[in-house]
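I have placed the structure first, in the form of structure tokens, so that the comments after it can refer back to it.
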Amino acid sequence: VNFRDVLIGLGMYPGEARIGSEVAGVVVEVGPGVTGLSTGDRVMGLVPQAMGPVAVADARALVRVPDGWSDEQAAGVPVAFLTAYYGLVDLADLRAGETVLVHAGAGGVGMAAIRIARQRGARVFATASPHKWDALRELGVEEGWMASSRDLGFREAVLEVTGGVGVDVVLNSLAGEFIDASLDVLAEGGRFLEMGKTDLRDPDQIAAGHPGVVYRPFDMLDAGPDRIGQLLAEILDRIDAGELEPLPVTT
């Protein structure tokens, strides 16, 4: 389970949604149009409903599990890494030398986002509960480039470390006044990626109040099954090359 599942369980997720979306397991049957996967293959990826012993999946949204990985390790990768990679790479086109603010940096998507951003040569400012800052340090976040996710102190901290310029990209999962404070620290031409579902704003109103800023609500499922499969393959390639690391999983 991940944070999306918690929101669904609490009735806070907009629209119709079912708990469970990522999976690791063994292929027991393939449809006539499936190529590249066979019965007995260990796979990981996305399915419409992952809670249960058997699931029906779109083969395009699955990849083979790397040798030596446990099912638990494999199941902990898809949603967090796909969300972070699709947002930062496909939508924001985060480039080397840019700066990014990652909220809830000690969460699943946050940890994946920090690793992806640093791998792309970006500088990361992250928020998290103070007792989780050691996790941010282990991810390579610099001293002075972290702040609490429980208050608005990050606004002044971001402007201080960036010399008043602000950040190029915000990856947001917070709500209310935290969104307004995050918009305040976006540099001109900045990209605001909204992956939260509880406080969506009107992009036109954001553009009117913050000229030059792009506000983009998104869900990694927007990428579609073909791109999802490509992204999963890219993520596993980078993990295999030592450029990224899987997330810690507790069972």
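The values are calculated or read from the model by the stated rules, or taken from the named source; none is laboratory data. Everything numeric here is computed off the predicted structure, so don't read it as measured data. Neighbour counts run over all protein chains shown; Cβ positions are idealised from the backbone, glycine included. Note: areas computed on protein heavy atoms with side chains; ligands, DNA, RNA excluded. Shrake-Rupley method; radii C 1.70, N 1.55, O 1.52, S 1.80 Å.
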For this session: Might you work out the accessible area of residue 151 for me, using a 1.4 Å probe with all protein chains in place, and round it to the nearest 10 Å²?
Result: 80
Problem set entry | Summed side-chain charge close to residue 88 - residues other than residue 88 whose Cβ falls under 12 Å, Lys, Arg +1, Asp, Glu -1 | +2
For this session: Would you please give the FRET efficiency between residue 54 and residue 1, computed as 1/(1 + (r/R0)^6) with r the Cβ-Cβ distance and R0 = 22 Å, to the nearest 0.05?
Result: 0.75
For this session: Round to a whole angstrom and tell me the spacing of the C-alpha centers of the stretch 1-61 and the stretch 127-199.
Result: 32
Exercise. Got the relative contact order for the stretch 110-158 handy, in percent, Cα pairs under 8 Å and 6 or more residues apart?
Worked result: 34
Seminar exercise, completed: Long-range alpha-carbon pairs in the chain, meaning those over 32 Å apart, account in percent for 22
Problem set entry | Estimated translational D of the stretch 127-249 in µm²/s (Stokes, Kirkwood radius over Cα pairs; 37 °C; 0.692 mPa s) | 201
Exercise. How large is the helix-only mean residue ellipticity at 222 nm for the chain, computed as the sum of -39500 (n - 2.57) over DSSP H runs with n ≥ 4, divided by its residue count, in deg cm²/dmol to the nearest 500?
Worked result: -8500 deg cm²/dmol
Exercise. Within the accessible area of the chain, what % is carbon and sulfur when the probe is 1.4 Å and the other protein chains stay in place?
Worked result: 51
Exercise. So what is the relative contact order for the stretch 104-233, in percent, with contacts set as C-alpha pairs under 8 Å and at least six apart?
Worked result: 15
For this session: Would you work out the relative contact order for the chain, in percent, from Cα pairs under 8 angstrom that are 6 or more residues apart?
Result: 17
Problem set entry | Potential extension, residue 221-residue 119 segment - 0.36 nm per residue separation minus Cα distance | 34.4 nm
Seminar exercise, completed: Extend 7 Å from the Cα of residue 201 along its Cα-to-C-beta direction; within the stretch 86-116, residues with backbone N under 15 Å of that point are 101, 103
Seminar exercise, completed: Rounded to the nearest 5, the percent of DSSP beta bridges in the chain running antiparallel is 30
Problem set entry | Over the stretch 1-122: Kirkwood hydrodynamic radius from C-alpha pairwise inverse distances, Å | 15.9
Problem set entry | Helical segments meeting 20 Å axial Cα length and Kyte-Doolittle -0.5 threshold in the chain (DSSP H) | 224-240
Problem set entry | Paramagnetic reach from residue 13 (point 7 Å along Cα→Cβ, amide N under 19 Å) across the stretch 41-74 | 45-58, 61-62
